[in-house]
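Remarks on the structure that follows.
The values are calculated or read from the model by the stated rules, or taken from the named source; none is laboratory data. Treat the numbers as computed from the prediction; the structure is a model and nothing was measured. Cβ: placed from backbone, ideal geometry, glycine included. Neighbour counts: every protein chain shown.
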Amino acid sequence: MSAARHVAVIGAGPAGLSAAHAALAAGARVTLVDSAEQPGGQYHRMLPAAYAAEHPERLHHDWPAFERRRRRVLAHPRCTWLPDSAVWMLEPPAPEPAGPPRVHLLCGGPADGSGRARRTLDADAVVLAVGAHDRVLPFPGWDLPGVFTAGAAQALAKGERVVVGDRVVVAGTGPFLLPVAASLLEAGSRVLEVLEAAGPATLARGWGRRPWELVPHTGKAGELAGYVALLARHRVRYRLGRTVVEARGEGRVEEVVTARLRPDWSVVPGSARTVPVDAVCVGHGFSPQLELPLAAGCVLRGEVAGGPPGAFVRVDDDQRTSVPGVFAAGEITGIAGAPAARAEGAVAGWAAAGGDPAARPLRALRRSRDAGRAFAERLARAHPVGAAWSGWLRAETVVCRCEGTDYGALCAAVTDRAGSAARVTKLTTRAGLGPCQGRVCGPTVAELTARLAGAPPDGEPHEGLPPAGPHRRPVAQPIRLGELAAPSAPTDERESSHE
């Protein structure tokens with residue numbers, strides 16, 4: 001290992017922070033980049049420094065370990081911390097990809113701010129730990145004010161202490177619904193009920209298969225018990241096999257329609273009931289943020305059985321991707337939770353820094369990482385998204401909220417073979433052309449279009465063009481024309497922001 005080796009870590013959540021910590025321990029210089037003001041990601045989303053919170057640990061699990069790691073990384077003399085910085089492009093080396101790409105940054109402000117400075121970053125290795133975002137399936141009324149993604153509601157509760165409503169229903173599928181409900185309760189909301197779409201039989205098959213494999217995850221049992229106790233204390237109902245299939249209201253959500261679901265997620269006739277609310281939080285798993293891995297040229301692997309449509313970054317035993325000098329860790333390699341992300345990040349950071357591949361701590365990290373991957377497969381089997389969910393949709397149901405594209409327009413666009421091509425559908429319906437550039441609706445539109453047209457989700461390849469997909473874009477993050485026209489300069493490590 002060499003102190004001269006420079007590792008750039010993109011993302012400062014559990015995976016990225018662990019990668020930076022391990023790379024520093026291996027003797028490398030580290031530049032840690034994140035779009036947030038402080039490290040932690042969604043899992044350890046921190047209150048703004050101006051809040052001067054006396055007990056931030058009340059909102060988090062594993063807080064002492066996170067706080068120690070955060071302080072060690074940010075205070076390390078070989079660490080450059082770049083908060084409020086977005087990676088808008090990765091530029092592969094020319095003429096042949098022989099090393100990691102050049103990282104193009106916008107520094108010094110939030111994504112919707114102005115006056116950000118363009119910077120470039122060249123490193124000996126790049127660790128991508130950019131995480132995932134909520135996957136939300138559309139339903140009638142989901143575009144009403146007061147309908148939140150589960151992640152957004154949790155971010156407001158944990159990061160701002162803002163409650164999304166006084167009477168809230170949390171619905172969708174997956175264990176993430178529990179910490180979301182807990183965050184809302186801690187912030188002061190009244191959670192009426194938590195609706196898990198998976199039924200008892202599906203959950204039993206997913207979690208009960210080879211139960212001895214759950215032994216490495218006994219810590220999660222205590223976390224689950226804590227959530228159960230909190231829900232019981234607040235008298236929050238937890239229902240299986242039921243979800244929100246419609247939101248109603250004049251100007252904002254006022255009530256939701258919930259219904260029982262069959263295993264394929266079709267609605268059981270006669271099971272609908274109406275619940276008055278002023279907010280609803282929905283989440284149907286997560287979609288990995290693949291813009292930067294694809295921009296770097298990383299090869300993807302197929303989806304986990306029963307998991308969300310799409311793919312994850314393919315990595316080897318040291319978290320190396322198919323691109324020389326590029327490593328990946330966390331949710332972009334598989335949705336397995338924070339402990340697995342930390343283990344992956346540590347392995348990636350150590351290898352990226354040129355650490356000893358035979359180091360003893362790596363054995364335990366790899367075991368934890370492998371256990372996390374097995375947990376991810378179990379999670380996908382226990383909480384699959386049923387294929388019949390599209391039966392909730394009506395012709396007027398919005399599927400792209402940015403552009404207001406409805407399901408009827410999508411159906412009309414794929415009635416002929418030419419219109420069913422992914423790029424043609426995007427142009428004719430405008431789905432995915434709005435401010436989010438398909439980050440929310442892209443996977444759903446691709447799935448619906450493929451189902452309607454009877455074609456693969458990525459469509460048929462065209463000569464000279466890569467396969468169409470919601471994550472493939474040369475500009476990974478929004479950038480103003482003025483920022484694009486401004487000159488770029490190498491990153492000055494003296495600009496680093498420490499505590």
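Answer yes if at least one residue in region 468-482 is at pLDDT below 65, exposed (fewer than 13 other Cβ atoms within 10 Å of the Cβ) and more than 28 Å from the chain's Cα centre (by Cα), and no otherwise. Taking every residue of region 468-482 in turn, none turns out to be at pLDDT below 65, exposed (fewer than 13 other Cβ atoms within 10 Å of the Cβ) and more than 28 Å from the chain's Cα centre (by Cα).
Residue 177 satisfies every condition listed in (1) touching a strand residue (DSSP E or B) at 6+ places or on another chain (Cβ under 9 Å); (2) under 21 Å from residue 439 (Cβ atoms) except (2). For region 383-429, name all the residues that are at pLDDT below 85 and either assigned by TED's automatic domain parsing to the domain that holds residue 258 or outside any helix (DSSP H, G or I) (or both). Residues satisfying the conditions are 414, 415, 416, 417, 421.
One line per residue, one yes/no per condition, for (1) of a type in the set (Phe, Trp, Tyr); (2) within 30 Å of residue 265 (Cα to Cα); (3) over 18 Å from the mean Cα position of the chain (by Cα):
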| position | (1), (2), (3) |
| --- | --- |
| 350 | yes, no, yes |
| 365 | no, no, yes |
| 368 | no, no, yes |
| 374 | no, yes, yes |
| 378 | no, yes, yes |
| 381 | no, yes, yes |
| 386 | no, yes, yes |
| 390 | no, yes, yes |
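Screening residue 322 on (1) surrounded by fewer than 24 Cβ atoms within 10 Å (Cβ to Cβ); (2) in contact (Cβ under 8 Å) with a residue 24 or more places away in the chain; (3) closer than 20 Å to residue 391 by Cα shows it passes everything except condition (3). Applying the selection to region 273-287, what residues are outside any strand (DSSP E or B) and either at positive phi or polar (S, T, N, Q) (or both)? Residue satisfying the conditions is 285 alone. Within region 114-130, the set of residues being in contact with a helix residue (DSSP H, G or I) (Cβ under 7 Å, 6 or more places away or on another chain) and surrounded by 22 or more Cβ atoms within 10 Å (Cβ to Cβ) comprises 116, 125, 127, 128, 129, 130. For region 203-217, check the following and say yes or no: at least one residue is crowded, with 18+ Cβ neighbours inside 10 Å, at pLDDT 90 or above, in the same structural domain as residue 262 (by TED's automatic domain parsing) and closer than 25 Å to residue 281 by Cα. Checked against the condition, which is being crowded, with 18+ Cβ neighbours inside 10 Å, at pLDDT 90 or above, in the same structural domain as residue 262 (by TED's automatic domain parsing) and closer than 25 Å to residue 281 by Cα, region 203-217 yields no hits at all.
On the stretch given as region 221-241, residues that are at pLDDT below 85 and either over 27 Å from residue 389 (Cβ atoms) or not in a helix (DSSP H, G or I) (or both) total 3. Restricting attention to region 24-71 and to residues that are of a type in the set (Ser, Thr, Tyr) and over 25 Å from residue 227 (Cα atoms), the residue that is modelled with the lowest pLDDT turns out to be 51. Among the residues of region 144-172, count how many are outside any loop (DSSP other than H, G, I, E, B) and of a type in the set (Asp, Glu). The total comes to 1. Screening residue 298 against (1) modelled with pLDDT under 95; (2) touching a Phe, Trp or Tyr at 6+ places or on another chain (Cβ under 9 Å); (3) surrounded by 15 or more Cβ atoms within 10 Å (Cβ to Cβ) leaves a single unmet condition, (2). Within region 169-196, being on the phi < 0 side of the Ramachandran plot and more than 22 Å from the chain's Cα centre (by Cα) holds for 185, 186, 187, 189, 190, 191, 192, 193. Tell me which residues, restricted to region 85-106, are buried (at least 17 other Cβ atoms within 10 Å of the Cβ) and either modelled with pLDDT under 90 or assigned to a helix (DSSP H, G or I) (or both). Listed by number, the residues that qualify are 92, 99.
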